[in-house]
Amino acid sequence: MGSNTDIVFLNGEYMRMHEAKISPMDRGFLFGDGIYEMVPSYSGKLVGFALHIKRMQQGLATIGIQLSKSDKYWRDIAENLTAKNGNGNLGVYLHVSRGADVKRFHAFPDKVTPTIFAFVYEIPTEPAADKTLTKQFKANSAEDHRWKHCDIKSTSLLGNVMHFQSGQESGVDETILYNAQNELTEASSCNVFIVKGTSVLTPPLDKQLLPGITRLMLIDILRQEPTLTIEEQVVTMDEVRNADELWVTSSSKEIVPVVELDGKPIGNGKVGDIWQLAQTLYSKNKFNY
Ligand code: PDD
């Protein structure tokens with residue numbers, strides 16, 4: 001028996017999940033040599049699709065995977081998959097690995113065809129901008145032990161997985177990461193924002209964090225709100241701990257308030273007013289991207 005989201009795409013064809021087979025010599029499997037995206041879709045409406053594809057094309061170029069597929073090619077896959085799987089609340093996962101070689105050798109092989117895999121999975125209903133209904137996260141913090149190219153949306157996610165797992169084992173929902181200078185980078189699967197007064201702050205884009213699409217859209221949306229200032233600037237962990245509000249953002253979660261960090265409340269330990277405003281504006285505008 002398949003799940004409700006059983007139809008997948010592999011190398012040009014749609015098939016049932018159990019029919020999708022790749023070689024164990026695929027460099028995605030052996031080296032984590034690939035790029036991925038996750039795009040949310042609600043009732044068949046994709047959020048931020050062009051931005052996700054732009055990031056994916058840049059990631060492929062950065063790691064030297066040569067694949068010239070148009071934005072329309074990707075949109076067709078995403079729309080076909082959401083339709084074939086019932087057009088519910090879905091995350092569309094797109095994955096390109098460098099492909100299957102005949103030997104295991106670190107250097108990029110000359111003639112290898114990239115493997116293209118896509119599937120969808122159920123995600124929660126659209127988050128409500130409602131303090132009583134929203135998810136509330138507890139988080140811990142840890143020094144960021146990942147590699148120095150966190151700007152690439154690489155399928156090599158072991159560092160993220162280990163940070164996330166340590167949070168799960170401590171009974172929290174996310175792990176907030178900081179560098180050797182005690183500066184915030186991001187979380188194990190999300191970007192991070194803090195609020196102080198009417199200022200919303202998030203670390204600037206560099207190789208320490210993923211250029212999140214939710215982050216990008218949220219900054220753009222909040223810049224149009226006259227009661228708030230929004231800055232991309234270095235944020236220390238002291239500022240995080242003393243913030244009025246702390247949020248994590250990602251495509252499937254949108255903006256989640258973090259009310260407790262390392263066992264201590266953030267602000268008054270309750271979901272904040274600025275979160276409510278931000279999620280309201282995000283919900284209203286997200287389909288424009
Ligand atoms: N995670 N930072 C990291 C390390 C992430 O893995 C993600 C997303 C984000 C947020 O990016 P975006 O807003 O583009 O989703 C930031 C995805 C959803 C995942 O791995 O499933």
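The values are calculated or read from the model by the stated rules, or taken from the named source; none is laboratory data. Predicted model, so just to flag it, every value in this text is computed and none were measured. Every residue, glycine among them, receives a Cβ derived from its backbone with ideal geometry; neighbour counts consider all protein chains shown. These accessible areas exclude ligands, DNA and RNA; they are computed on the full protein's heavy atoms, side chains included. Shrake-Rupley method; radii C 1.70, N 1.55, O 1.52, S 1.80 Å.
Here is a check on your reading of the model: is Met25 more than 16 Å from the ligand (Cβ to nearest atom), under 21 Å from Thr155 (Cα atoms) and modelled with pLDDT of 95 or more?
Numbers: more than 16 Å from the ligand (Cβ to nearest atom): yes; under 21 Å from Thr155 (Cα atoms): yes; modelled with pLDDT of 95 or more: yes.
Taking the combined requirement at face value, the residue satisfies it.
Screening Met38, Met56 for residues that are part of a helix (DSSP H, G or I) and within 26 Å of Ser283 (Cβ to Cβ) leaves exactly one candidate, Met56.
Tell me, yes or no, whether segment 128-144 has at least one residue that is of a type in the set (Asp, Glu) and within 13 Å of the ligand (Cβ to nearest atom). Yes; the residues of segment 128-144 include at least one that is of a type in the set (Asp, Glu) and within 13 Å of the ligand (Cβ to nearest atom).
Screening Gln181 on (1) open to solvent by less than 30 Å² (accessible area, probe 1.4 Å); (2) touching a strand residue (DSSP E or B) at 6+ places or on another chain (Cβ under 9 Å) shows it passes everything except condition (1).
Could you grab me the full set of residues in segment 70-112 that are small (Gly, Ala, Ser) and either over 26 Å from the mean Cα position of the chain (by Cα) or open to solvent by 20 Å² or more (accessible area, probe 1.4 Å) (or both)? Explain how you work it out, then say what you get.
In the first step, residues of segment 70-112 are kept if they are small (Gly, Ala, Ser); the result is 70, 78, 83, 86, 88, 91, 97, 99-100, 107.
Selection gives Ser70, Ala83, Gly86, Gly88, Ala100, Ala107.
Pairing each residue of segment 202-226 that is open to solvent by 70 Å² or more (accessible area, probe 1.4 Å) and away from the ligand (no atom under 11 Å from the Cβ) with any residue that is not in a loop (DSSP other than H, G, I, E, B) and not acidic (Asp, Glu), provided the two are 6+ apart or on different chains, yields C-beta distances under 7 Å for Arg223/Ile230. Out of all the residues in segment 234-241, is one or more within 16 Å of the ligand (Cβ to nearest atom) and of a type outside the set (A, V, I, L, M)? No, every residue in segment 234-241 fails to be within 16 Å of the ligand (Cβ to nearest atom) and of a type outside the set (A, V, I, L, M).
Looking at Thr155, Thr175, can you tell me which residue is touching a helix residue (DSSP H, G or I) at 6+ places or on another chain (Cβ under 9 Å), over 30 Å from Glu245 (Cβ atoms) and within 11 Å of the ligand (Cβ to nearest atom)?
Thr155
Condition test on Leu67, is it crowded, with 16+ Cβ neighbours inside 10 Å and in a loop (DSSP other than H, G, I, E, B)? Taking the combined requirement at face value, the residue satisfies it.
Report yes if Thr125 is polar (S, T, N, Q) and either open to solvent by less than 30 Å² (accessible area, probe 1.4 Å) or touching a helix residue (DSSP H, G or I) at 6+ places or on another chain (Cβ under 6 Å) (or both), otherwise no.
Values: polar (S, T, N, Q): yes; either open to solvent by less than 30 Å² (accessible area, probe 1.4 Å) or touching a helix residue (DSSP H, G or I) at 6+ places or on another chain (Cβ under 6 Å) (or both): no.
No: the conditions fail for Thr125.
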